[in-house]
Amino acid sequence: MSSFQVVDSSPGSSVSVMETSNFAHVIFLNVGKSFLPQAPLECRYTLTPYITPHPKDWVGIFKVGWSTARDYYTFLWSPMPENYEPGSTVHRTVVFQGTHTLHTRAHTHAM
């Protein structure tokens with residue numbers, strides 16, 4: 001059985017009201033429906049207390065309709081948090097530079 005929790009951030013925070021569960025180990029924040037080719041793409045996410053960061057963690061951009069983790073268009077390694085304490089919540093950001101992101105408007109991608 002899953003336990004659910006509603007997290008309400010304070011005013012001015014980049015995190016809005018979100019619902020989490022012990023199945024939601026990574027929560028992506030403010031994910032856009034599209035992005036401009038060649039423009040930097042900032043990806044913000046939260047690691048919940050239910051997951052432990054690992055040096056081989058990565059964030060990828062996938063074509064819409066992907067079916068396996070190997071269907072990524074591009075990826076970046078997730079930076080390891082400094083002074084990580086097990087069971088804590090971690091907020092991270094990676095930025096895909098224009099050279100990493102989509103070079104053509106012919107495809108739709110998702111994170």
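Annotations for the structure displayed:
- In the set Ser16, Ser34, Ser3, Ser67, only one residue is modelled with pLDDT under 70, out of contact with any strand residue (DSSP E or B) (no Cβ under 7 Å at 6 or more places or on another chain), of a type in the set (S, T, N, Q) and loosely packed, with under 12 Cβ neighbours inside 10 Å; that residue is Ser16.
- Close pairs (8 angstrom Cβ cut-off, 6 or more residues apart or separate chains): farther than 10 Å from Gly60 by Cβ and touching a residue at least 40 places away in the same chain (Cβ under 8 Å) in the stretch 72-93, assigned to a strand (DSSP E or B) and acidic (Asp, Glu) anywhere: Thr93/Glu42
- Long-range neighbours under 9 Å by Cβ, at least six apart or interchain, first residue at positive phi within the stretch 35-49, second surrounded by 13 or more Cβ atoms within 10 Å (Cβ to Cβ) and part of a loop (DSSP other than H, G, I, E, B): Gln38/Gly98; Gln38/Thr101; Gln38/Leu102
- Here is the figure for the stretch 42-64: residues that are in a loop (DSSP other than H, G, I, E, B), of a type in the set (D, E, K, R) and surrounded by 15 or more Cβ atoms within 10 Å (Cβ to Cβ) total 1.
- Flag for Tyr84 being in a strand (DSSP E or B) and either of a type outside the set (A, V, I, L, M, F, W, C) or touching a helix residue (DSSP H, G or I) at 6+ places or on another chain (Cβ under 8 Å) (or both): no
The values are calculated or read from the model by the stated rules, or taken from the named source; none is laboratory data. Worth saying up front: this structure is predicted, and the values here are computed from it rather than measured. Quick reminder, even Gly has a Cβ in these numbers, built from the backbone with ideal geometry, and neighbours come from all protein chains shown.
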